[in-house]
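Taking it in order: structure first as structure tokens, then the write-up.
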């Protein structure tokens, strides 16, 4: 048996959810949950928003690289797919955070599997209109941990939960099936 690491992601520029799941044989274990954060520059008048976005992406990429060094290179990245916000500035920020995922994937040749927010909710709760709290409760039941989210602030839990939920929702993808086979070998 070999250990296989799966990374879940809920990309966002202000809050970027990350989950690490370890597959060993037929079992899996949540290694860690995080919500990475970046803040807008307080020098609004002197910094272009696009330059500030690049700075924030660099911060996210560095934080993510540190976590990969700590927990191991994932075999698969499972991510909640980009929803398309109505505001163009929000869409641009979302797209920039997805660039961080794309860069990690490309640099290490890691496949990325996506699920929609509705697929994530349906996989965990059995219905596409589940609340954020329903998703978190379902994850705590699934991984038999009342304190699954540990010291994460309540406002940061939803992003980490979505990252872990993406792993569950993507479990039947070709990349995840191969990762489970690798863990069982």
query = Which angle from 0 to 90°, rounded to the nearest 10, does the C-alpha axis of helix 49-71 make with the longest principal axis of the chain?
reply = 30 degrees
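What is the gain in length, in nm to one decimal, between residue 95 and residue 54 on full extension, counting 0.36 nm per residue of separation less the C-alpha to C-alpha distance?
Numbers: separation 41, 0.36 × 41 = 14.76 nm, distance 1.16 nm.
Full extension of this stretch gives 13.6 nm more.
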request  = Compute the long axis of helix 154-169 from its Cα atoms, compare it with the longest principal axis of the Cα atoms of the chain, and write down the angle in degrees, 0 to 90, nearest 10.
outcome  = 50 degrees
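Evaluate E = 1/(1 + (r/R0)^6) for residue 86 and residue 27, where r is the Cβ-Cβ distance and R0 equals 45 Å; express this FRET efficiency to the nearest 0.05. Walk me through the numbers before you get to the answer.
Values: r = 42 Å, r/R0 = 0.94.
Calculated value: 0.60.
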remark   = Inter-part gap, Cα centre of segment 133-185 to Cα centre of segment 21-35, in whole angstrom, is 8 Å
note = DSSP beta bridges in the chain: the antiparallel percent, rounded to 5, is 70 percent
Helix-only CD estimate at 222 nm, as mean residue ellipticity for the chain, using -39500 (n - 2.57) per DSSP H run (n ≥ 4) = -16000 deg cm²/dmol
note = For the chain, the longest principal axis of the Cα atoms and the Cα long axis of helix 132-142 enclose an angle in degrees, to the nearest 10, of 30 degrees
ask   = Highest GNM mean-square fluctuation, the chain, Cα pairs closer than 10 Å: which of 71, 159, 108?
value = 108
query = Ratio of Rg to Rh for the chain, alpha carbon only, Kirkwood?
reply = 0.97
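Every read-out reported here was derived from the displayed coordinates using simple, explicitly stated rules and does not represent laboratory data. What you see is a predicted model; the values in this text were computed from it and never measured. Virtual Cβ from ideal backbone geometry, glycine too; neighbours counted across all protein chains shown.
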